[in-house]
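> Once you've had a glance at the structure underneath, I'll fire off some questions.
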Amino acid sequence: MSNAYLPLVNRELAYARSQLQLLGTLPADAPEVQFRALLNAALLQLGEALGFYWREIAANYGLRQQPGSLQALLAALDAASLDAAEARELQGLRGTAGSWLANLEHWLRQRQPGDGAGPAAAVSPSPASAQIIAAVEVGEQVVDLTAEQLRECLEAMWELLERQRSAMVEY
């Protein structure tokens, strides 16, 4: 039985990778809006891939629900008396400060206005330092979001997906 979400996850990851590659080809004097657009697009594609992966896990375990969050996935698995190591690992990553998943969800939340977590991402005014694309103020600390951080997040996510998919058993 094939899983319809697997190619969707792969597609979103390919889009994110492509946007990050394009970001690396922009000249240093490119308008900052181009840097911002590509960075935000890659960030959103990673978020979409993650959402589709929750649904991929649910489908592999025979759940009819299409969870929109990790919490919804965990609740659906619990309601069906199923224990998915994949979901537990994701839950552990979410709770680990500095993990790719904790960082990704943090960056996605920072894009949302009015969440009380601080202002939305602001682009660095100096395109010459193209590696630092956005600065997010969190309390008194400034966290720089770079293309490299998103590349590392993409690679870590891809490695997790490959490993989990190879071990995942369809029910």
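The values are calculated or read from the model by the stated rules, or taken from the named source; none is laboratory data. Here the structure is a predicted model, which is why all the values come from computation and not from measurement. Positions of Cβ are backbone-derived with ideal geometry, glycine not excepted, and every protein chain shown enters the neighbour counts.
Residues are listed down the side, and each one gets a yes or a no for (1) small (Gly, Ala, Ser); (2) on the phi < 0 side of the Ramachandran plot; (3) in contact (Cβ under 8 Å) with a residue 24 or more places away in the chain:
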site	(1), (2), (3)
34	no, yes, no
52	no, yes, yes
55	no, yes, yes
58	yes, yes, no
64	no, yes, no
79	yes, yes, no
85	yes, yes, yes
92	yes, yes, no
96	no, yes, no
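> When only residues in segment 125-171 that are farther than 23 Å from residue 22 by Cβ and part of a loop (DSSP other than H, G, I, E, B) count, which is modelled with the lowest pLDDT?
Kept after step one, since they are farther than 23 Å from residue 22 by Cβ, are these residues of segment 125-171: 137-143, 160, 162-171.
Narrowing the set further to residues that are part of a loop (DSSP other than H, G, I, E, B) leaves 139-140, 168-171.
Values: 139: 44, 140: 40, 168: 77, 169: 57, 170: 50, 171: 46.
Per the stated criteria, the residue is 140.
> Follow-up. Which one is surrounded by the fewest Cβ atoms within 10 Å (Cβ to Cβ) among residues in segment 54-86 that are hydroxyl-bearing (Ser, Thr, Tyr) and farther than 17 Å from residue 3 by Cβ?
Step one: list which residues in segment 54-86 are hydroxyl-bearing (Ser, Thr, Tyr), which gives 61, 69, 81.
Checking the rest, the ones that are also farther than 17 Å from residue 3 by Cβ come to 69, 81.
Numbers: 69: 11, 81: 6.
Selected residue: 81.
> Within segment 106-118, is even one residue in a helix (DSSP H, G or I), modelled with pLDDT under 95, charged (D, E, K, R) and under 17 Å from the mean Cα position of the chain (by Cα)?
yes
> Can residue 32 be described as touching a Lys or Arg at 6+ places or on another chain (Cβ under 7 Å), among the charged types (D, E, K, R) and more than 16 Å from residue 162 (Cα to Cα)? Even if it seems obvious, please write down each step before you answer.
Working: touching a Lys or Arg at 6+ places or on another chain (Cβ under 7 Å): no; among the charged types (D, E, K, R): yes; more than 16 Å from residue 162 (Cα to Cα): yes.
Spelling it out, it is not the case that residue 32 is touching a Lys or Arg at 6+ places or on another chain (Cβ under 7 Å), among the charged types (D, E, K, R) and more than 16 Å from residue 162 (Cα to Cα).
> If you check 97, 72, which single one turns out to be of a type in the set (A, V, I, L, M, F, W, C), part of a loop (DSSP other than H, G, I, E, B) and modelled with pLDDT of 95 or more?
Values: 72 fails: part of a loop (DSSP other than H, G, I, E, B).
Going through 97, 72 in turn, the sole match is 97.
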